[in-house]
Amino acid sequence: MDDDATVSAADIARLAGVGRAAVSNWRRRYPDFPPPVGGTASSPLFGLSAVAGWFRARGKKFELSAGERAWQRLRALGDDLGLAERVSHAGGFFAVQAGVSGTFDGRLDDPELLTLLNEMTHRAGPVESFELLCRRYFEAHSRRLSATPEPVAELMARLVGPVSAVLDPACGFGALALASGAKTVLGQDSDPMTASIATLRLRLRGIEAEVYAVDALREDAFAGRVAEAVLCDPPFNERAWGHDELVGDARWEYGLPPRGEPELAWVQHCLAHVEPGGAVAILMPGAAAGRRSGKRIRGNLLRAGAVRAVVTLTSAGPDLWLLRRPVPGQRPPSTVLLAEAGDELSTVDDLWQEFHEHPESGVRIIDLLDDDVDLTPARRRGRDEDLGQAFQAVRGRFAGLVPRLPPLDAADTEPAFTTIGELVKAGVVEVRHAARADADHPTAEAGDVVASVTGTAYVHSGPPEAVGPGLTVYRVDPERLDADFLAGCLRAADLPAASASTRIDSRRVRIPRVTIGVQREYGQVFRRLAEFDAVLRETAETGRELVRLGFAGLVEGRLRPGR
């Protein structure tokens, strides 16, 4: 085993078949757990050999397959900046083993790595072997890489239907092309190593792939060529996309995209590369459906019948635009589908099928060609729902929300105070942080207080659970400190009356110095105040929904003034 290979806490958890919280517990409970050999305090790295030895000494499961050892060896051969290139070279090795056109350039001249790659090929085959290394690379750089989620890629492929040739002008690592099942793929990506990995993933599966490492908007590698379908997940909000140099480009059939609308440039690029009648599925930011700067192009797309659907996939975006290149001489459709997926992506399949069978169920295009040309699906929600019934239902829910403030009396004296920092020194409370997304996440057990840096706090109940980044777990000695009492003090630190700061230094939070019996009495009131706050928030949200439905129902004729 390579003595230089290192693993993160997440790697250890995966190899041991446990959660990351278990690794944190081992580090805390066992003094002989291997110490970090690199990384940072919040994201340490451990020697792979030392960790494997520690597991073996305890008879614990720790699977080190040839693939895992090859991945760790790849990481150990250089810094992370060159990791994509090394993964690509490994893919070249697998391509030679599979007899795929192209040659292995020999840049992976490390004997140990080559032995491991060869073992991987014999055990799992070149395709699965390379996919394993790709998955590890995507996981290691998940915060930096922008990959299309597999369920979304599969949905887009289903909606355009089975095709033999597909084009993806922002192909990334090839997720959309792989999901399409096409036998011929035309792709572009501005990053050379990303394009190389995509090419290898496709060709190892016997797919005829032609991928160029250039920006598709600035340098169209497939000018004049079309495919049966286009799938695209382009970069969003890129201001420097080439507006000035592409003013007279032939692709802008529906209008010159404004400088701040690069996504509408991608839409027209995709339409220019699909055959007449062919489908385009492209992910778009939600704002692209309603920004005023893009209304002229949206209007032209609607009039031509190019836009067939805009579907919001999640509340945070993106939207999925389904388009069709118009067939010359064919009458444009009169409706378009505007919808929201809800909780399940499979809903989109049903919506699309229903719209195909009953196009009259869609929104009339003529009704959208107003001053805004707004295609935002959420804007149609009030028009599509039964506003009368919805209003009555929400009004009933609103009437049932009666917040009750617990009784509080004025106090005659002010207690003495201590701080959380002092309580930690005294062993009354233990503080555990999750400072970063890639750090070890502490586990909250029943009775622990979980708080954010802004002072929001609650007492955890139920089974143990790893908390997210930016949260802190406070584990109290229940005989000396009441958890609800501590949570109330932390929440008090977030209120303007106590502090004008937006970030709480928990060590300095003041805690009244009172007996455990008094703490528990205060804790009950703190808990009731928290419940009162939750009801107030729900009342405000329900009230806003009630007002929205009232206005919409009156305007749409679904409600009338009461008598």
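Computed from the coordinates by the stated procedures, all read-outs in this text should not be read as laboratory data. The structure presented is a predicted model; accordingly, all values stated were derived computationally and were not measured. Don't worry about glycine lacking a Cβ; one is built from the backbone with ideal geometry, like all the others, and counts go over all protein chains shown.
What to note about this one:
- Between H141 and A316, the modelled label-to-label distance comes to 2.2 nm, taking each label 7 Å out from Cα in the direction of the beta carbon.
- Cα-only Debye scattering, the chain: base-10 log of I(q)/I(0) at q = 0.07, 0.11, 0.12 Å⁻¹: -0.62, -1.17, -1.21
- A simple spin-label model places pseudo-atoms 7 Å from Cα toward Cβ; at S190 and R520 they are separated by 6.3 nm.
- Gain on full stretching of the segment that runs from A57 to V18 - 0.36 nm per residue minus C-alpha separation: 12.3 nm
- Derived from the Cα gyration tensor, the three semi-axes of the equivalent ellipsoid of the range 150-380 are 26, 21, 16 Å, largest first.
- Net lengthening on full extension, E357/Q392 (0.36 nm per residue, minus Cα-Cα): 9.3 nm
- Scaling against 2.2 N^0.38 Å puts the C-alpha radius of gyration of the range 91-190 at 1.22.
- Summing Cβ point charges (Lys, Arg +1; Asp, Glu -1) relative to the Cα centre of the chain gives a dipole of roughly 1060 debye.
- Considering only S461, L302, L200, and ranking their Cα positions along the charge dipole of the chain that arises from unit charges at the beta-carbon of Lys, Arg, Asp and Glu, the one farthest toward the positive end is S461.
- Approximate spin-label separation E541-T40, in nm, with each point projected 7 Å along Cα-to-Cβ: 3.3 nm
- Prolate/oblate/rounded call for the range 201-330, Cα gyration tensor, a/c under 1.5 rounded: rounded
- Counting other Cβ atoms within 10 Å as a rough exposure proxy, the listed residues I12, I516, I197 run I516, I12, I197 from fewest neighbours to most.
- Here R364 and R259 are evaluated by their C-beta separation; at R0 = 30 Å the FRET efficiency comes out at 0.40.
- More than 18 angstrom apart: percent of Cα pairs within the range 6-140: 56 percent
- Extension gain for the segment R292 to T456, taken as residue separation times 0.36 nm less the Cα-Cα distance, is 55.2 nm to one decimal.
- Computed on the Cα atoms alone, the convex hull of the range 287-414 gives a volume of 205 cubic angstrom per residue.
- A Förster distance of 35 Å, applied to the separation of the beta-carbon atoms of S346 and V214, puts the FRET efficiency at 0.45.
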